[in-house]
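Heads up, the thing below is written out as structure tokens.
Laboratory data are not the source of any read-out in this text; all were calculated from the coordinates shown. Keep in mind it's a predicted model, so treat the numbers as computed, not measured. Backbone-built Cβ (ideal geometry, glycine too); neighbour counts: all protein chains shown.
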Amino acid sequence: MKVFLDTNVWLSATVFAGLCAEILTASAQRNWLLTTRLVQSEAHEVLSRKFPHLPQSLALFDSIWSEAACVPDVHEPAEDNDVRLVRAAQAAGALVFVTGDRRVLGWGMQGDMQILTPRDTWMRLFLQNGAN
């Protein structure tokens, strides 16, 4: 199984306890995580700007991110990072793209890849399959 987390899911997982953190941890433990340098640069920018008082979140992000399989970035369209991330995930063979972005969720299936909310991801990957 290959799972790609949108930048905001990574951010939620590294700043707050909860479902996104559980998905990140469970996916990392199973070596399912895919990521790109774009996720890293977006996350670093947001963590530095919005959460400078939480340096442990940046350290946690870097620690887990470095263990994920880093796949090539997609560079077009330059003005739409959401499209770029979905295309990179699809090109890398991800079966699940996890996001809370309603716009991206509206794209539905992308080839063999499902675009799911964190809640739907948890239900499908970890509860239904008994992978807990």
- [ ] Could you please find all residues in segment 76-132 being within 22 Å of residue 42 (Cα to Cα), of a type in the set (Gly, Ala, Ser) and touching a helix residue (DSSP H, G or I) at 6+ places or on another chain (Cβ under 9 Å)?
- [x] 78, 88, 94, 100
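Of all the residues that make up segment 14-23, how many are without any contact (Cβ under 8 Å) to a residue 60 or more places away in the chain and either under 13 Å from residue 66 (Cα atoms) or touching a Pro at 6+ places or on another chain (Cβ under 9 Å) (or both)?
Taking segment 14-23 and keeping what is without any contact (Cβ under 8 Å) to a residue 60 or more places away in the chain, we get 14-18, 21.
Okay, now just the ones that are also either under 13 Å from residue 66 (Cα atoms) or touching a Pro at 6+ places or on another chain (Cβ under 9 Å) (or both), so 18.
Final tally of qualifying residues: 1.
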TODO: Check off (1) among the charged types (D, E, K, R); (2) more than 19 Å from residue 89 (Cα to Cα); (3) within 15 Å of the chain's Cα centre (by Cα) for residue 50 and give me the number that stays unchecked.
DONE: (3)
TODO: Considering only segment 82-111, state which residues are touching a residue at least 60 places away in the same chain (Cβ under 8 Å) and outside any helix (DSSP H, G or I).
DONE: 92, 93, 94, 95, 96, 97, 98, 99, 100, 101
Task: Tally, over segment 1-13, of residues that are touching a residue at least 60 places away in the same chain (Cβ under 8 Å) and either buried (at least 24 other Cβ atoms within 10 Å of the Cβ) or among the aliphatic types (A, V, I, L, M) (or both) - done: 6
